[in-house]
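Novice: For reference, the structure I am asking about is given below.
A short reminder: the numbers here are calculations on the coordinates, not readings from a lab. Since the model is a prediction, treat every value here as computed from it, not as a measurement. Neighbour counts are summed over all protein chains in view; Cβ atoms, including those assigned to glycine, are modelled from backbone coordinates with ideal geometry.
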Amino acid sequence: MTHHPHLIIAAGGTGGHMFPAQALAEAMVRKGWRVTLSTDARGARYTGGFPHVVEVREVASASFARGGVGAKLAAPFRILGGILSATLRMRREKPAVVVGFGGYPTIPAVAAAILTRRPRMLHEQNGVPGKVNRIFAKRVDTVACGTWPTVLPEGAQAIHTGNPVRAAVLDRAGAPYTPPGDWPMSLLVFGGSQGAHVFSEAVPAALALLPEERRGQLRVAQQARPEDAEAVAAAYEAMGVRAEIEPFFKDIPRRLSEAQLVICRAGASSLADVSVIGRPSILIPYPFAANDHQTANSKALVEAEAAIRIPQSKLTPEALAEAIASVLTQPEAAGRMAQAALSVGVPDATERLVALVEELAGLKPAKTHEDQE
Ligand SMILES: CC(=O)N[C@H]1[C@@H](OP(=O)(O)OP(=O)(O)OC[C@H]2O[C@@H](n3ccc(=O)[nH]c3=O)[C@H](O)[C@@H]2O)O[C@H](CO)[C@@H](O)[C@@H]1O
């Protein structure tokens with residue numbers, strides 16, 4: 001019987017953690033590894049997208065943040081129980097590597113890897129780590145960072161891998177950018193996976209301030225929550241702007257590649273998409289994200305002068321209109337922004353994660369920090 005190295009991937013039950021976990025799982029399965037996913041019931045629902053050879057191991061979900069008083073009191077015991085059974089199992093199984101992607105459901109597997117001294121790493125998607133990754137950051141061999149720089153506890157071993165993006169984004173990586181000119185200009189507006197209510201008022205109000213002839217050249221595609229869609233469509237129609245309004249665009253990669261300007265939040269995957277394809281952007285970080293991590297996420301693009309950041313507290317129609325006009329009326333500057341975005345993008349994030357896993361398993365010589373860019 002051939003020996004397949006065993007990778008345990010632990011990921012919390014939200015798209016933000018699951019998506020990069022899935023990208024790594026697929027790549028490792030292709031390499032002939034046996035992959036086990038450790039997640040909770042919520043995470044198990046995402047696993048439809050995982051390669052079927054991945055074995056899903058559900059852990060009792062025990063978040064301190066959710067549930068009633070009874071659930072909160074029981075949470076530490078459930079977590080301890082989870083750690084204990086994961087530890088006993090890991091002692092038997094001796095996985096080659098354990099990778100945690102963040103979230104409460106990763107506690108048992110990552111803690112067990114620490115207790116049984118298995119090679120282990122974390123992947124942190126955001127510029128400020130979530131609670132669980134912050135606790136474990138110094139007790140793993142490596143923290144692979146989706147966002148660079150990432151604020152980590154002192155002493156943690158950090159390496160920049162970027163956040164994996166989907167195949168449809170990679171197909172358009174660095175697609176030639178058409179700077180704004182006299183032809184129709186496309187403006188793409190989207191929130192995170194849920195959409196952003198503020199954009200439904202702010203963007204039409206900003207476009208209303210642009211000179212009429214400029215407005216006439218615009219083609220807007222805007223993600224809006226279902227309850228806002230009608231009002232947004234009516235606002236654009238009233239000012240003669242051609243607009244497509246959808247609750248969720250399935251073809252964001254194509255739309256990004258065709259956009260002259262993107263207005264979005266600063267979620268980790270959104271920024272990975274924008275920077276791998278390479279488009280100028282106006283970013284309005286979601287102000288209630290834990291530890292304001294979206295502002296941290298946007299740092300690299302803003303410092304590279306690829307993006308204009310407007311804090312939500314300063315998001316007036318005037319400020320947004322000024323930012324939009326500054327990109328759309330300066331084709332050369334817009335072209336430079338698109339190029340600068342590419343310098344932040346990491347199209348080979350999945351390969352970088354794979355290389356780290358192989359290195360931890362002792363299958364590849366360790367890279368020194370100097371080898372990194
Ligand atoms: C509100 C909140 O706390 N959001 C968090 C959540 O992001 P959330 O999952 O909301 O947002 P992300 O930016 O990470 O991902 C959104 C993904 O959906 C795509 N998309 C979006 C709109 C659309 O119409 N079609 C479409 O395909 C985007 O291109 C992107 O690939 O997890 C991320 C990763 O931990 C964090 O960085 C975010 O801060």
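Novice: What residue, of 173, 202, is away from the ligand (no atom under 12 Å from the Cβ) and within 18 Å of the chain's Cα centre (by Cα)?
Specialist: Selected residue: 173, the only one of 173, 202 that is away from the ligand (no atom under 12 Å from the Cβ) and within 18 Å of the chain's Cα centre (by Cα).
Novice: Looking only at the stretch 181-196, count every residue that is of a type outside the set (Gly, Ala, Ser) and loosely packed, with under 13 Cβ neighbours inside 10 Å and tell me the total.
Specialist: 3
Novice: Turning to a different aspect of this structure: Need pairs with beta-carbon distance below 6 Å; first residue free of Cβ contacts under 8 Å to residues at least 60 places away in the same chain and within the stretch 261-281, second within 7 Å of the ligand (Cβ to nearest atom); sequence gap 6+ or separate chains.
Specialist: Final answer for the pair search is 266/294; 266/297.
Novice: Looking only at residues that are assigned to a loop (DSSP other than H, G, I, E, B) and surrounded by fewer than 19 Cβ atoms within 10 Å (Cβ to Cβ) in the stretch 210-247, which one is nearest to the ligand (Cβ to nearest atom)?
Specialist: 247
Novice: How many residues does the stretch 252-273 hold that are in contact with a Gly (Cβ under 8 Å, 6 or more places away or on another chain) and not basic (Lys, Arg)?
Specialist: Qualifying residue count, the stretch 252-273: 6.
Novice: Let me ask something else about it. Return yes or no: is residue 292 within 16 Å of the ligand (Cβ to nearest atom), among the acidic types (Asp, Glu) and buried (at least 22 other Cβ atoms within 10 Å of the Cβ)?
Specialist: In short, no.
Novice: Out of everything in the stretch 248-285 that is within 8 Å of the ligand (Cβ to nearest atom) and out of contact with any helix residue (DSSP H, G or I) (no Cβ under 9 Å at 6 or more places or on another chain), what residue ends up being nearest to residue 350 (Cα to Cα)?
Specialist: 250
Novice: Here is a follow-up. Would you check which residues across the stretch 149-175 are assigned to a strand (DSSP E or B) and in contact (Cβ under 8 Å) with a residue 24 or more places away in the chain and list them?
Specialist: The answer is 159, 160.
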